[in-house]
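Structure record follows, encoded as structure tokens.
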Amino acid sequence: GVTRLCLAVRQSVFSSRAASTVQIPTTKLFINNEFLESETEKWINVRNPATNEVISKVPESTTSEMEAAVAAAKAAFPAWSRSTILFRQQIMFRLRDQLIKNRARLRDSLVLEIGKTKEDADEEIGRCIQILEHCCSITTLQTGETLPDIAQDMNILTFRLPLGVTAGITPFNFPAMVPISIFSMSTVCGNTCVIKPSSCDPGAVMILMELCLKAGCPPGVVNVIHGRKEPVTFVCDHPDVVALSFVGSDEAGSYVYERGAKNGKRVQCNLGAKNHALVMPDANKERTLSSLISGSFGAAGQRCMALSTAIFVGDSKQWIPELVERSKTQKVTSGAEPGADFGPLISPEAKKRVCDLIQSGVDAGAKLLLDGRNIKVKGYENGNFLGPTILHRVYPTMECYTTEIYGPVLATMEVDTLDDAINIVRTNPYGNTTAIFTASGATARKYSMKCDVGMVGINVAIPFPINTFSFTGSKGSFKGDLRLAGKEAIQFFTQTRTVMEFWRE
Ligand code: NAD
């Protein structure tokens, strides 16, 4: 299955020209609607995380290539920003249609490059389609305000106008959805965009660029450069880039926030997380345990919304043995295999990092109720697999709690009351998402008002908002003001201009 996927994904997106003496496909740059081979000497291996086989190489873009991408976006801006909003809306309709036609191809790319299960990958593409459908409503989303007769024969109007060249820096875990949510919202508002995808899995973005071409997107409106830190620094410093959207880790995001803001840019940074699930004794046990398992182990825990800590309140702690037994039945294998519940971690380094954090928990006194570290996956012996792991009686001072784990690891805690649980969640520096499982509306309401977290699920493990709403992570999980998606994204990608007009007969 993996070999077939490899071949399918390599078709057309990658050049077959070798980057070195070995015949490994190379990922291209996308500048001015052209797929260009990089002239760099520095290449990064892209590996299938289920086998660690090198499947392609991605370039560290040269300075002149990055300059060319920003120049293309700058040159495209005047005409694109003055194109009619109906024209931009039509492109979004066509891009949506292209995505639907190419759904299977994109899904295969995600399975191959990041190890998602087919179902999980398909869900990501479904989200991409929803984002584009939301963009198709731009004629109502981008409206401003008007007030007639503020003086005699005088009206006041506020327009929402595009900014210029924007840049998106995106993580490995949603290699289609995060780039599309940035470049579609940015460009439909009339901006142009340069995307710097993760060097772990650039294939999905390259397919999206092909679809932008087919949808009739004019040259220079969306461009793609590659690399790790250098292109990030480049867009943070470039005077022609006016806004930066970042999604990724705390370290890289803090760098982008500080460097971008220092250079006078508008910046939104979505960062790491530590998401708590509260389990109340009155919850529906069956549904709660299923939600905990899918919310913490799904996508191998490589989601900023993964439930990484379960706080059992009162008698609900009696469900922990059943949680452990049910977790053992998770099928861990390549996402390409039928029936897989979750796949590998993105890299051997990521696996080592997670294993070290598990050990730090054990060394600090947590009890390992389920240890996934020695898992053997038949047929994928070289993959970065880690089985479901449950660390019991974790305390807020332990490193495995204070650090984002980003793996299929659930930490459990036991407290006596709802207030004790709220106190733990409020004290945590992160605030991306949280869930409470309960049959009581009053308990749920109290929690959602007091938890101090950006997104709250009530009997919902992962409360990922539909795109008409913003993605509202808070506290240490977000730096900036205006968020991704929803109304806030329109505000982020536009500036207001207020016009007072006086017309007398
Ligand atoms: P990452 O920070 O390593 O990479 C994100 C982007 O920054 C990539 O394009 C990468 O090439 C670049 N980058 C890497 N190191 C850099 C550096 N030192 N300086 C500047 N840029 C750098 O993140 P990742 O491993 O790809 O993704 C996982 C992280 O992303 C997790 O912490 C997760 O919580 C977070 N994430 C957050 C959200 C959210 O909405 N809050 C969503 C998805 C992922």
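The values are calculated or read from the model by the stated rules, or taken from the named source; none is laboratory data. Please read all numbers here as calculations on a predicted model, not as lab measurements. Because the Cβ atoms are built from the backbone with ideal geometry, glycine has one as well, and the counts that use them run over all protein chains shown.
I'm checking my understanding of the structure. Among residues of segment 49-71 that are part of a helix (DSSP H, G or I) and among the acidic types (Asp, Glu), which one is surrounded by the fewest Cβ atoms within 10 Å (Cβ to Cβ)? Before you say what the answer is, go through the steps one by one.
As a first pass, look at segment 49-71 and keep what is part of a helix (DSSP H, G or I): 63-71.
Those still in the list that are among the acidic types (Asp, Glu) too: 65, 67.
On the way: Glu65: 21, Glu67: 16.
The residue in question is Glu67.
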Task: Of the criteria (1) among the β-branched types (Val, Ile, Thr); (2) away from the ligand (no atom under 16 Å from the Cβ); (3) in contact (Cβ under 8 Å) with a residue 24 or more places away in the chain, which one Val354 fails - done: (2)
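Output the residues belonging to segment 115-130 that are part of a helix (DSSP H, G or I) and either within 21 Å of Val377 (Cα to Cα) or among the charged types (D, E, K, R) (or both). Quick ask: steps written out before the conclusion?
Restricting attention to segment 115-130, the residues satisfying the condition of being part of a helix (DSSP H, G or I) are 118-130.
The answer is Lys118, Glu119, Asp120, Ala121, Asp122, Glu123, Glu124, Arg127.
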TODO: For segment 198-235, name all the residues that are surrounded by fewer than 22 Cβ atoms within 10 Å (Cβ to Cβ) and small (Gly, Ala, Ser).
DONE: Ser199, Ala215, Gly216
TODO: Please tell me if Gly227 is in contact with a Pro (Cβ under 8 Å, 6 or more places away or on another chain) and either modelled with pLDDT of 95 or more or on the phi < 0 side of the Ramachandran plot (or both).
DONE: yes
Open item on the list: Take the residues in segment 381-395 that are over 19 Å from Asp341 (Cβ atoms) and of a type in the set (A, V, I, L, M, F, W, C); name whichever of them is surrounded by the most Cβ atoms within 10 Å (Cβ to Cβ).
Closed with: Leu391
TODO: Look at Ile195 and say whether it is in a helix (DSSP H, G or I), touching a helix residue (DSSP H, G or I) at 6+ places or on another chain (Cβ under 6 Å) and at pLDDT 95 or above.
DONE: no
Open item on the list: What's the total number of residues in segment 476-501 that are farther than 25 Å from Gly126 by Cα, among the basic types (Lys, Arg) and buried (at least 18 other Cβ atoms within 10 Å of the Cβ)?
Closed with: 1
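Does Leu106 count as closer than 20 Å to Val222 by Cα, outside any helix (DSSP H, G or I) and either touching a helix residue (DSSP H, G or I) at 6+ places or on another chain (Cβ under 9 Å) or modelled with pLDDT of 95 or more (or both)? So that I can check it myself, show each step before the final result.
On the way: closer than 20 Å to Val222 by Cα: yes; outside any helix (DSSP H, G or I): no; either touching a helix residue (DSSP H, G or I) at 6+ places or on another chain (Cβ under 9 Å) or modelled with pLDDT of 95 or more (or both): yes.
Against the criterion (closer than 20 Å to Val222 by Cα, outside any helix (DSSP H, G or I) and either touching a helix residue (DSSP H, G or I) at 6+ places or on another chain (Cβ under 9 Å) or modelled with pLDDT of 95 or more (or both)), Leu106 does not qualify.
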Open item on the list: Of everything in segment 2-47, what is of a type in the set (Gly, Ala, Ser), crowded, with 16+ Cβ neighbours inside 10 Å, part of a loop (DSSP other than H, G, I, E, B) and modelled with pLDDT under 55? Give them in sequence order.
Closed with: Ala19
- [ ] Please indicate, with yes or no, whether at least one residue in segment 437-444 is within 16 Å of the ligand (Cβ to nearest atom) and modelled with pLDDT of 95 or more.
- [x] no
Open item on the list: What's the total number of residues in segment 199-221 that are outside any helix (DSSP H, G or I), within 16 Å of the ligand (Cβ to nearest atom) and in contact with a helix residue (DSSP H, G or I) (Cβ under 9 Å, 6 or more places away or on another chain)?
Closed with: 3
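Restricting to segment 153-177, and then to whatever is assigned to a strand (DSSP E or B), within 30 Å of Met500 (Cβ to Cβ) and among the hydrophobic types (A, V, I, L, M, F, W, C), can you tell me which residue is farthest from the ligand (Cβ to nearest atom)? Explain how you work it out, then say what you get.
Taking segment 153-177 as the starting set, the residues that turn out to be assigned to a strand (DSSP E or B) are 154-162, 165-169.
When the remaining residues are screened for being within 30 Å of Met500 (Cβ to Cβ), the result is 154-162, 165-166.
Filter once more, so that each one left must be among the hydrophobic types (A, V, I, L, M, F, W, C): 154, 156-157, 159, 161, 165.
Numbers: Met154: 44, Ile156: 37, Leu157: 35, Phe159: 30, Leu161: 27, Val165: 18 Å.
Top of the filtered list is Met154.
Mind checking which residues of segment 229-258 are charged (D, E, K, R), out of contact with any Asp or Glu (no Cβ under 7 Å at 6 or more places or on another chain) and either without any contact (Cβ under 8 Å) to a residue 60 or more places away in the chain or within 14 Å of the ligand (Cβ to nearest atom) (or both)? Let's see the steps before the verdict.
Taking segment 229-258 first, the residues charged (D, E, K, R) are 229-230, 237, 240, 250-251, 258.
From what is left, the residues that are out of contact with any Asp or Glu (no Cβ under 7 Å at 6 or more places or on another chain) are 229, 237, 240, 250-251, 258.
Matches in segment 229-258: Lys229, Asp237, Asp250, Glu251, Glu258.
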- [ ] Kindly establish whether Ile180 is at pLDDT 95 or above, more than 15 Å from the ligand (Cβ to nearest atom) and out of contact with any strand residue (DSSP E or B) (no Cβ under 7 Å at 6 or more places or on another chain).
- [x] no
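Answer yes or no as to whether Ser474 is closer than 23 Å to Ala277 by Cβ and within 14 Å of the ligand (Cβ to nearest atom).
Details: closer than 23 Å to Ala277 by Cβ: yes; within 14 Å of the ligand (Cβ to nearest atom): yes.
Answer is yes for this residue.
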TODO: Determine the pairs where a residue that is within 18 Å of Gly454 (Cβ to Cβ), located within segment 408-427, has a partner that is of a type outside the set (Phe, Trp, Tyr) and in a helix (DSSP H, G or I) with Cβ atoms under 7 Å apart, the partner being 6 or more residues away or on another chain.
DONE: Ile422/Lys450
- [ ] Identify the residue in segment 259-281 that is basic (Lys, Arg) and within 11 Å of the ligand (Cβ to nearest atom) and, among all such residues, is nearest to the chain's Cα centre (by Cα).
- [x] Lys274
